[in-house]
């Protein structure tokens, strides 16, 4: 019904703000980032000079870079798995009528609404050795645990991450449970399936694709964890809890080496590129199914 | 049957208590006297004057009120700009077939790309245009970060509107611009609400870009609070009050708009 030229003009006019934003905040920074990665660009030196592959070679030989990559991956796998299991279990718990459900459901979502950085500040308060609630409670129970010691820091961070992000996996699991046809459960019940059989033979197989997407989303998100760990430990003790994000941030803004930081950022994206088509397909599939 | 389900309430309440410990802990500390805080976590002595809240709100000379104002300015303008940028483009994609499948695909790919990738380039870009430590640089970066999700949510919302309404307006002689502004925009209210609440939440929560792009004038509460802990490490009462207050605006907003939050997060997750 629309003329082709009218359609084309309208398309460009309507998309102009977005295209302008993409040009200035995507394409231009992309060029800047690549350019920086191939330069010797340090805060301590006045001149920026071409450096070829120097930054990349330095990175590939930097044990700190690889250990931060290893830490990020293991952290992401562990928190994502635990949060999916706990979130889904809680969603199953909420998938029925019970007193005060509405209020409790709202309260379950509160962590989503709290900024990770602010939560980290509160964590430092309640975990403080002298005045914190948690060490106080542990002492009452006769436990002497130093929460920030090398030995327990990983467990501490994983627990904190779960407090923050289980709400997210809970909400998404709950939504996908709600979208399941109720007749399935009825017919399973008529066939005499136990609760356990229903869960493993009906619910989980049907929700498997949704759960996979929730896993993927949470996993990709946890790979870029920065605020929580940076405020809690700054990457320490030593560099034991240094995520890739903290590595890049420190390279640029603590050591003033922009070239190295940009090269590291590019390597991270290159690591993700092989998975992109698969990830895109997952998301598209979900879109078409709906 | 009804009676049995009380156990669910109890279990759920137990978990919520654990999830909300940090928030409750901060509230608890902020209401106690300095003396009680320093004597240990279980000394019950409450401050009737709410001194810590008064201090956080400016009585003690901290910069907190200005951090608070910055966060509000950054979040509100980010929401505004995100809607302005994403909605017309989403209309062009859905109704006029602009960009084929490529723009949505780009949006998903951008969502997967870690934001840290843009940290150094944004720092250089905004430095060269003298926009560092001004709210505008944070508004632009947050708009960039939230635009992808907004675009996908708007595309969904527009697809749900029956095209017949627009065709009828077309027959009556309305131009495309008029249709977009007067018919489609008002009809996707729920979509705008979802984008609004999520964008507000995410830009209020931003720490990564705030820590890089602001040093004092444009500092929002996230960076302000984190610096507070390191520089005034002993004033726990004031810190708790400040952090508790900082959490409130998004908490109130998102709770009021919970329906849209849930819808937006679920749609964004399931469809990418």
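Remark: pairs (first residue in the range B:112-133, more than 7 Å from chain A (Cβ to nearest Cβ) and more than 18 Å from residue A:244 (Cβ to Cβ); second residue surrounded by 18 or more Cβ atoms within 10 Å (Cβ to Cβ) and modelled with pLDDT under 90; Cβ separation under 8 Å; 6+ apart in sequence or on different chains) are absent.
If the condition is being farther than 20 Å from residue A:236 by Cα and assigned to a helix (DSSP H, G or I), then the range A:139-161 contributes A:139, A:140. Beta carbons closer than 8 Å, at least 6 apart along the sequence or on distinct chains, pair a first residue in the range B:145-157 that is more than 10 Å from chain A (Cβ to nearest Cβ) with a second that is outside any helix (DSSP H, G or I) for B:154/B:188; B:157/B:188. Is it the case that the range A:70-85 has a residue that's over 19 Å from residue B:115 (Cα atoms), modelled with pLDDT under 95, buried (at least 19 other Cβ atoms within 10 Å of the Cβ) and in contact with a helix residue (DSSP H, G or I) (Cβ under 7 Å, 6 or more places away or on another chain)? No, that holds for no residue. For the range A:1-30, what are the residues that are more than 8 Å from chain B (Cβ to nearest Cβ), in a helix (DSSP H, G or I) and more than 25 Å from residue B:147 (Cβ to Cβ)? A:4, A:5 - these are the residues of the range A:1-30 that are more than 8 Å from chain B (Cβ to nearest Cβ), in a helix (DSSP H, G or I) and more than 25 Å from residue B:147 (Cβ to Cβ). Restricted to helices (runs of 4 or more DSSP H) entirely inside the range A:31-116, those with at least 1 residues that are at the interface with chain B (Cβ under 9 Å from one of its Cβ atoms) and out of contact with any strand residue (DSSP E or B) (no Cβ under 7 Å at 6 or more places or on another chain) are A:63-94, A:101-113.
Taking into account only those residues within the range A:247-263 that are out of contact with any strand residue (DSSP E or B) (no Cβ under 9 Å at 6 or more places or on another chain) and more than 9 Å from chain B (Cβ to nearest Cβ), which is nearest to residue A:67 (Cα to Cα)? Of everything passing the filter in the range A:247-263, A:247 is nearest to residue A:67 (Cα to Cα). Per the listing B:83, B:79, the residue uniquely closer than 20 Å to residue B:188 by Cα, more than 8 Å from every other protein chain (Cβ to nearest Cβ) and surrounded by fewer than 23 Cβ atoms within 10 Å (Cβ to Cβ) is B:83. Going by what's in this entry, would residue B:221 be described as within 9 Å of the chain's Cα centre (by Cα) and touching a residue at least 24 places away in the same chain (Cβ under 8 Å)? No, not satisfied.
Taking residue A:125 as the residue in question, decide whether it is at the interface with chain B (Cβ under 9 Å from one of its Cβ atoms) and at pLDDT 95 or above. Taking the combined requirement at face value, the residue does not satisfy it.
Suppose the filter is surrounded by fewer than 23 Cβ atoms within 10 Å (Cβ to Cβ), within 14 Å of chain B (Cβ to nearest Cβ) and in contact (Cβ under 8 Å) with a residue 24 or more places away in the chain; does residue A:212 pass it? Yes, satisfied. Scanning the range B:40-72 for residues being within 23 Å of the chain's Cα centre (by Cα) and either closer than 18 Å to residue A:117 by Cβ or without any contact (Cβ under 8 Å) to a residue 60 or more places away in the chain (or both) gives a total of 11. Could you please let me know if residue B:225 is within 7 Å of chain A (Cβ to nearest Cβ) and over 17 Å from residue B:33 (Cα atoms)? Judged against the criteria, residue B:225 is a match. Of the candidates B:11, B:37, B:16, the single residue that is in contact (Cβ under 8 Å) with a residue 12 or more places away in the chain, touching a helix residue (DSSP H, G or I) at 6+ places or on another chain (Cβ under 9 Å), in a helix (DSSP H, G or I) and at the interface with chain A (Cβ under 10 Å from one of its Cβ atoms) is B:37.
Would you say residue A:240 is assigned to a loop (DSSP other than H, G, I, E, B) and touching a residue at least 12 places away in the same chain (Cβ under 8 Å)? When the stated conditions are applied, residue A:240 passes them.
Look at (1) more than 25 Å from the chain's Cα centre (by Cα); (2) surrounded by fewer than 20 Cβ atoms within 10 Å (Cβ to Cβ) and you find that residue B:32 fails only one, number (2). Selection of the range A:95-107 for residues being in contact with a helix residue (DSSP H, G or I) (Cβ under 6 Å, 6 or more places away or on another chain) and either surrounded by 17 or more Cβ atoms within 10 Å (Cβ to Cβ) or touching a residue at least 24 places away in the same chain (Cβ under 8 Å) (or both) yields A:95, A:98, A:104, A:107.
Rundown of residues vs (1) in a loop (DSSP other than H, G, I, E, B); (2) over 29 Å from residue B:125 (Cα atoms); (3) touching a strand residue (DSSP E or B) at 6+ places or on another chain (Cβ under 6 Å), yes/no style:
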position: B:203; (1), (2), (3): no, no, no
position: B:211; (1), (2), (3): no, no, no
position: B:215; (1), (2), (3): yes, no, no
position: B:226; (1), (2), (3): no, no, no
position: B:229; (1), (2), (3): no, yes, no
position: B:241; (1), (2), (3): no, yes, no
position: B:248; (1), (2), (3): no, yes, no
position: B:253; (1), (2), (3): no, yes, no
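For the range A:114-147, the set of residues classified as in contact (Cβ under 8 Å) with a residue 12 or more places away in the chain, surrounded by fewer than 17 Cβ atoms within 10 Å (Cβ to Cβ) and more than 18 Å from residue B:43 (Cβ to Cβ) consists of A:146 only.
Results for (1) surrounded by fewer than 16 Cβ atoms within 10 Å (Cβ to Cβ); (2) modelled with pLDDT of 90 or more; (3) more than 10 Å from chain B (Cβ to nearest Cβ), shown as yes or no for each residue.
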{"site": "A:190", "(1), (2), (3)": "yes, no, yes"}
{"site": "A:195", "(1), (2), (3)": "yes, no, yes"}
{"site": "A:204", "(1), (2), (3)": "yes, yes, yes"}
{"site": "A:219", "(1), (2), (3)": "no, yes, yes"}
{"site": "A:238", "(1), (2), (3)": "yes, no, yes"}
{"site": "A:242", "(1), (2), (3)": "no, yes, yes"}
{"site": "A:276", "(1), (2), (3)": "yes, no, no"}
{"site": "A:280", "(1), (2), (3)": "no, no, no"}
{"site": "A:289", "(1), (2), (3)": "yes, no, no"}
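The set of residues in the range B:253-272 being modelled with pLDDT of 90 or more and more than 9 Å from every other protein chain (Cβ to nearest Cβ) consists of B:256, B:257, B:259, B:260.
Would you check which residues across the range B:98-111 are more than 8 Å from chain A (Cβ to nearest Cβ) and assigned to a loop (DSSP other than H, G, I, E, B) and list them? Once the filter is applied, which keeps residues that are more than 8 Å from chain A (Cβ to nearest Cβ) and assigned to a loop (DSSP other than H, G, I, E, B), the range B:98-111 yields B:100, B:101.
Looking across the range B:163-201, the residues that are modelled with pLDDT under 90 and not in a helix (DSSP H, G or I) come down to B:172, B:173, B:174, B:175. With respect to the conditions (1) more than 7 Å from chain A (Cβ to nearest Cβ); (2) more than 23 Å from the chain's Cα centre (by Cα); (3) within 28 Å of residue A:249 (Cα to Cα), residue B:95 lacks only one, and its number is (3).
The values are calculated or read from the model by the stated rules, or taken from the named source; none is laboratory data. Only a predicted model underlies this, so the values are computations on that prediction, with no experimental measurement involved. Neighbour counts are summed over all protein chains in view; Cβ atoms, including those assigned to glycine, are modelled from backbone coordinates with ideal geometry.
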